Amino acid sequence: MPELPEVQTIINDLNEKIAGDTITGFWSDWPKTIKGMKLADFEKQIKNKKILKARRIGKNIFIDLSGGKTIYIHLKMTGHLLVKSENTKTKNYFNERVNQYVHHIWKLGKSKTLEFSDLRKFGKIMLVDTDKVGELKEIKELGIDVADKKFTFDKFQEILNKKLNVPIGVLLMDQNLLSGIGNIYRSEILFEAGISPFRKVRDVSLDERRKIYQAIGKVLKRAIKLRGTSDSDYRDTSGAPGGFQKVLKVYNRENEVCKKCEGRVKREKLGGRSVFFCEKCQS
């Protein structure tokens, strides 16, 4: 599932490529993805609306429209958004198999489209009132966004102190506490900080907590700069893979040599998901 860096990359692209465009039509061959209304009603309510801006809350995408409406999109496991125009439709990336599962298309004038490719069709689309986005259950239950300016070290401390008996590797992925970090970046952040994912929060010292906090910012900023991680289905709006997978230090590197020492990267289950770590570098 795309995490904060991937979703932020998409948001940046959408604001560059489609902000200011007008929706002239909508097509879907899988209306089950559209929640809360029929396909015809969804198209009717978004048609002729101007796209004002795209924004992100956690891993959730919001496209604000004129008239006080907002399109809410969750990419889930295999979804990604593609922006196509007459100048881009022949580019090689769009021809790759991973980009061939388009089930929803927003028409933006005569020669531009926003397309939702989703292999497993788990994605979600909703139309909501812009001023009620914060009332959505999915948003109300989210913890603080780890890229928010309000996510200070003191705030991190406050969250940690509420979950002293939880492994730090589990806490970092709890979206009700911290939103945006998933399986990939959990492993990379803790490796960067030199902390074992299995350590209980109560056993993590003040200095170590500060290292984790700093690693969150460092790892996520670099991942955004490299346009995310294409571990599986994620692609940017040009259909291209991200670049962070080229610099991963532990994630998906089981049994490979650690990039800091001569040890081997291990993989174990934690919180129902695989976590990657180096026993020598992370204590």
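So here's what we get for this one:
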item	result
Search result, residues across the stretch 63-87 that are within 19 Å of the chain's Cα centre (by Cα), within 21 Å of ARG235 (Cβ to Cβ) and surrounded by fewer than 20 Cβ atoms within 10 Å (Cβ to Cβ)	LYS76, MET77, THR78
Residues of the stretch 151-183 satisfying the condition of being assigned to a loop (DSSP other than H, G, I, E, B), over 23 Å from PHE276 (Cβ atoms) and of a type in the set (S, T, N, Q)	THR152, ASN161, ASN165, ASN176
So THR70, is it assigned to a loop (DSSP other than H, G, I, E, B), in contact (Cβ under 8 Å) with a residue 60 or more places away in the chain and among the β-branched types (Val, Ile, Thr)	no
Pair list, Cβ < 6 Å and 6+ apart or interchain, from the stretch 176-188 residues that are free of Cβ contacts under 8 Å to residues at least 60 places away in the same chain to residues that are of a type in the set (Asp, Glu) and surrounded by fewer than 23 Cβ atoms within 10 Å (Cβ to Cβ)	ASN176/GLU141
Test result for ARG267, within 11 Å of SER187 (Cβ to Cβ), in the same structural domain as LYS221 (by TED's automatic domain parsing) and without any contact (Cβ under 8 Å) to a residue 60 or more places away in the chain	yes
Of all residues in the stretch 194-205 being touching a residue at least 12 places away in the same chain (Cβ under 8 Å) and outside any loop (DSSP other than H, G, I, E, B), the one that is surrounded by the fewest Cβ atoms within 10 Å (Cβ to Cβ)	ARG202
Members of the stretch 163-180 found to be in contact with a helix residue (DSSP H, G or I) (Cβ under 9 Å, 6 or more places away or on another chain) and loosely packed, with under 15 Cβ neighbours inside 10 Å, listed by number	LEU164, ASN165
Matching residues, the stretch 1-56, being among the charged types (D, E, K, R) and free of Cβ contacts under 8 Å to residues at least 24 places away in the same chain	GLU16, LYS38, ASP41, GLU43, LYS44
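The values are calculated or read from the model by the stated rules, or taken from the named source; none is laboratory data. Every value quoted in this text rests on a predicted model; they were computed, and no experiment measured them. Cβ: placed from backbone, ideal geometry, glycine included. Neighbour counts: every protein chain shown.
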